[in-house]
Amino acid sequence: MRTIDQSNYEEWIFEYYEGTLNAEEKAQVLDFVQMDSSYMEEFEAFAKTYLREPLPDKLPIESSLLRRENYFSINYVIASTLVIIVSGLLLVKKSEVKSEQVNITKHSVINELHQQGELSKEKRLPVQRLNYSNPTVKRVEPFVQFGINNEHIIISDTNHTSLPNVVRDLKEVQEVPKVNAYDSLSGEKATTTIAPEKITDKDAITAPKSRLERKAEKRKLKQIAKAKEKQRREREAQKLMKGNMPYVVPLDPNTF
Amino acid sequence: MISTREYNTAVKEYSRNIFRYVFKCIKDEDEAKDIVQECYLKLWTWRTNVNPDKIKYWLFTTAHNTMLNHLKKSSKVVPMEGLSNIDPFVVPNDGFDLKGLIDKSLDLLPQMQKTIIILRDLEGYNYNEIGEMLELSESQVKVYLFRARQKMKESLKDLNKYYENN
């Protein structure tokens, strides 16, 4: 075991401050330096040789040392491209659904035109079947709006428009009931007829239309629907007048 | 290889340490800034070869070598056994406080001992790391450090006596 003495006390003191001594050796050093004041002076002088200095403030050259980070790394480029592609695909899908909805509305108007004798043929499809075949179509309000019986819609064979998915399903339909929705008054039962022709793929010719065209069509359809509603009311009024019955505006029973 | 972000982190974390180390050794602020700048330029140039875990160590080694080259060029090399060549009593008049005396006694040390003391006390490196930086063995570092502290202790005593008598 090493011991501290006059010949090696400086090394011991050095090691004491360096922290390489164990507790027993540290106690040995402290006992030794307390024996004489000169040793204690040496002991304290060693302590002063240790530098303690805080770091300087921020260097003025620090900003000039920094480098601009490259944000356009290959990973960022790949990720952003993928995001753009996916969002583009979603947009396309959305617009397809919208255009299908417009086409369905259009078919209902074609039915009306046919009833006026402007269209030669017609084919029909139950609405429920249409909705199952195309689950993205959730709204059937357009049919109600135009006064069409909710149970049926009509597909034209005039090659103006078509619904490919729907037509494929129609192949399986042998007989499709016809509904004269606009000839019947509200509250009356709709009359049905049989549509004899089978539907072929020739009917399924789609004509892609621009957004403006679709808007114009919508507007036109609304106008037609309004006109039809007006005509229907006039017809009702005329029927009432035929029996020499004056047309009396019904009063509100609550006022009596 | 180190990335731009790691490089910038190294600038923010270690530039002041390297400046303090170099400035302590050469006592010239402008030259110390030049050396720091040169170190980081070298780090950027050699970033593909530098281990990201050893940036600080790499920077200090480079700073030490760059500093020695600068001293050689400007002929400011302090002799290894240089105490005899420097008058210990030529101390700035404003420095009669403990910090000033310690700085002066540090300046009186040979370059190698001064470097070891700074790396050990201010940067907290162990003997092995200092040895790797300065291409010395662990025992050599310990011996240098012991001698450096002995010399500093003696010069502090002398300087204290000088100022007490005047």
Which numbered condition residue B:85 misses (of (1) at pLDDT below 90; (2) closer than 28 Å to residue B:15 by Cβ; (3) more than 12 Å from chain A (Cβ to nearest Cβ)): (2)
Enumerated helices (runs of 4 or more DSSP H) restricted to segment A:1-108, each holding at least 1 residues that are of a type in the set (Ser, Thr, Tyr): A:9-18, A:37-48, A:62-65
Subset of segment B:95-126 that is among the aliphatic types (A, V, I, L, M), outside any helix (DSSP H, G or I) and open to solvent by less than 10 Å² (accessible area, probe 1.4 Å) - its residue that is farthest from the other protein chains (Cβ to nearest Cβ): B:108
Complete set of residues in segment A:1-20 that are open to solvent by less than 30 Å² (accessible area, probe 1.4 Å) and away from every other protein chain (no Cβ under 14 Å): A:4
Residue within segment B:154-161 that is within 15 Å of the chain's Cα centre (by Cα), assigned by TED's automatic domain parsing to the domain that holds residue B:104 and open to solvent by less than 70 Å² (accessible area, probe 1.4 Å) present: no
Test: residue in segment A:54-63 that is within 35 Å of the chain's Cα centre (by Cα) and not basic (Lys, Arg): no
Candidate set from segment B:10-59 (those that are open to solvent by less than 20 Å² (accessible area, probe 1.4 Å) and of a type in the set (Ser, Thr, Tyr)); member that is farthest from the other protein chains (Cβ to nearest Cβ): B:21
Single residue of A:38, A:99 found to be among the small types (Gly, Ala, Ser), surrounded by 12 or more Cβ atoms within 10 Å (Cβ to Cβ) and either closer than 30 Å to residue A:222 by Cβ or within 14 Å of chain B (Cβ to nearest Cβ) (or both): A:99
Residue in segment A:48-60 that is over 26 Å from residue B:107 (Cβ atoms), open to solvent by less than 20 Å² (accessible area, probe 1.4 Å), in contact with a Phe, Trp or Tyr (Cβ under 9 Å, 6 or more places away or on another chain) and at the interface with chain B (Cβ under 9 Å from one of its Cβ atoms) present: no
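The values are calculated or read from the model by the stated rules, or taken from the named source; none is laboratory data. Model, not experiment: these values are computed from the prediction. Here the Cβ is made from the backbone with ideal geometry for all residues, glycine too, and neighbour counts use every protein chain on show. We work out accessible area using only protein heavy atoms, side chains counted, and drop any ligands, DNA or RNA first. Shrake-Rupley method; radii C 1.70, N 1.55, O 1.52, S 1.80 Å.
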